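To start, the structure under review is shown below, and the notes come after it.
The values are calculated or read from the model by the stated rules, or taken from the named source; none is laboratory data. From a predicted model like this one, the values you see are computed outputs, not experimental measurements. Counting neighbours? That spans all protein chains shown, and the Cβs are built from the backbone with ideal geometry, glycine included.
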Amino acid sequence: MNRRAITKIQALVIVVVVLIAAIAAAFWYMTSTQKPGVTEVKVGVVMPLSGPVAEYALHCRRMVEMLFEDYNAKGGVKSLGGAKLVPVWADDKGDPSTAVSEVERLITVEKVSVIFGAFTSGSTLAIAPICEKYGVPLVVMTAFSEKITRQGYKYVFRSHVTTTPYINSMMEFIIKKLKPKTIAHVYEDSVWGSTNAEITKAWLEKNAPNVKIVLWEGYSRKPPIDLTALVLKIKEAKPDVIICSSYLQDAIVLMKTMYELDCYVPNMVAIGAGFTDPKFIQEVGKLALGVFVACYSNYDNPRSNAQQVIKAFYDKYGYWPTGDALATAQDFQVLVDAIERAASTDPKDIYEALKNTNISEEEGVLYPVKFDENGDNVYAFSYVTQIQKNEKGELEWFTVWPEDYATHTIISPLLPYEDRLKDP
């Protein structure tokens with residue numbers, strides 16, 4: 001009887017000792033082999049900080065700086081215990097070859113977990129195969145050309161609208177609302193402008209073959225920019241609508257040269273870029289009145305998440321964000337959402353998270369986000385704005401298309417130059 005009782009007690013003691021030993025061993029294993037806590041996630045940010053397009057890119061740079069600061073101030077990457085997002089900047093000067101060498105440095109030397117860039121289509125097209133080679137995800141910032149996501153890359157993701165749906169919407173607006181019989185397109189001759197020209201022409205040939213193309217010509221924006229010969233061709237062609245693909249300085253030169261040579265066109269429709277920059281209106285003044293500008297979005301976007309970003313930008317910098325800056329905010333949301341869900345600094349884990357992105361209608365800055373087989377957002381779309389006067393008589397951009405998002409009605413045709421300039 002006693003012997004059995006002792007045996008039971010001994011057995012119980014043995015079990016307890018074994019359990020304690022197992023727990024202690026597990027604790028030792030976890031504490032001795034666990035990696036040090038992650039304190040930061042390095043993000044390679046590639047864009048033109050200097051060079052010919054840096055002035056125009058400044059608004060996106062400011063948006064990126066604000067968003068990094070705000071994200072870290074709100075606690076950083078919560079799934080990594082509050083790790084900070086650290087931007088590692090690279091100045092590609094808007095030059096594709098420089099972009100390639102900078103991305104090589106970011107990946108091999110700085111050991112970034114993901115690349116965010118590169119603003120221009122030419123640079124982004126150049127760095128995409130580098131990211132693919134190293135298996136480091138590229139979250140595209142602002143770059144527009146469809147070619148970027150048509151090379152079969154796995155590691156390239158873009159949340160903002162691409163060339164074809166952007167131009168489809170713009171061209172639908174032109175045909176339905178402006179009803180031209182003749183049309184022209186002048187474009188800067190980089191990847192961005194040339195791609196715009198190809199897709200707009202293909203759209204017209206397929207969907208509006210009765211609209212006559214009277215001029216379709218590229219130009220160089222290398223300084224000093226002289227568009228006199230081009231504007232004389234526009235004046236001779238007399239299009240009902242002219243489409244313009246221009247960065248900031250060439251947009252300013254184009255507008256001023258058209259005025260100086262008395263080259264009047266009833267409707268001017270710009271494909272975003274330089275025509276969305278506050279300096280465009282500052283430099284050309286009332287000449288800009290009535291110009292239509294297709295864009296990623298506008299600061300009168302009614303979405304609550306968009307308005308939060310818009311207000312924060314205005315409060316910090318004292319002016320409204322450009323459409324490109326708003327697209328950058330959408331791109332940044334995708335970046336941090338993937339890092340948060342990956343709960344890792346490993347590029348492969350972030351890639352897997354990006355693949356499975358599913359940002360809802362309620363959550364998206366500009367729209368929901370879900371990627372197709374090319375890495376493009378199936379929900380992205382674009383807007384058309386028009387430069388009109390606000391209540392104070394100052395020139396601003398107001399959304400006129402799509403109709404569901406319009407805050408103002410269109411004014412067409414453009415006033416003659418003398419009427420624009422004397423308009424109070």
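Worth pointing out:
- Taken over the stretch 383-414, residues that are more than 24 Å from Tyr319 (Cα to Cα) and surrounded by fewer than 17 Cβ atoms within 10 Å (Cβ to Cβ) amount to 6.
- Helices (runs of 4 or more DSSP H) contained entirely in the stretch 241-351, each with at least 2 residues that are at positive phi and either over 17 Å from the mean Cα position of the chain (by Cα) or surrounded by fewer than 19 Cβ atoms within 10 Å (Cβ to Cβ) (or both): none
- In a residue-by-residue description of the stretch 200-207, the property of being buried (at least 17 other Cβ atoms within 10 Å of the Cβ) and more than 24 Å from Phe119 (Cβ to Cβ) applies to at least one position.
- Selection of the stretch 151-175 for residues being over 30 Å from Leu414 (Cβ atoms) and modelled with pLDDT under 95 yields an empty set.
- Checking each residue in the stretch 35-59 for being closer than 14 Å to Thr98 by Cβ and surrounded by fewer than 22 Cβ atoms within 10 Å (Cβ to Cβ) picks out Leu49, Ser50, Gly51, Pro52, Ala54.
- Against the numbered list (1) in contact with a Phe, Trp or Tyr (Cβ under 7 Å, 6 or more places away or on another chain); (2) over 22 Å from Pro368 (Cβ atoms); (3) of a type outside the set (S, T, N, Q), Val161 comes up short only at (2).
- When His408 is tested against the conditions (1) under 19 Å from Ser297 (Cβ atoms); (2) without any contact (Cβ under 8 Å) to a residue 40 or more places away in the chain; (3) not in a loop (DSSP other than H, G, I, E, B), the lone failure is (3).
- Any chance Val211 is over 17 Å from Met258 (Cα atoms) and either surrounded by 16 or more Cβ atoms within 10 Å (Cβ to Cβ) or not assigned by TED's automatic domain parsing to the domain that holds Tyr405 (or both): yes
- Of all residues in the stretch 52-85, exactly one satisfies the criterion of being more than 14 Å from Phe332 (Cβ to Cβ) and among the aromatic types (Phe, Trp, Tyr), namely Tyr56.
- Looking only at the stretch 214-231, residues that are of a type in the set (A, V, I, L, M) and either surrounded by fewer than 16 Cβ atoms within 10 Å (Cβ to Cβ) or in a loop (DSSP other than H, G, I, E, B) (or both) come to 3 in all.
- Taking the conditions (1) surrounded by fewer than 21 Cβ atoms within 10 Å (Cβ to Cβ); (2) under 28 Å from Tyr405 (Cα atoms) in turn, Val140 satisfies each one other than (1).
- Options Ala288, Ala342, Ala294: the member that is farther than 21 Å from Ile242 by Cβ and not basic (Lys, Arg): Ala342
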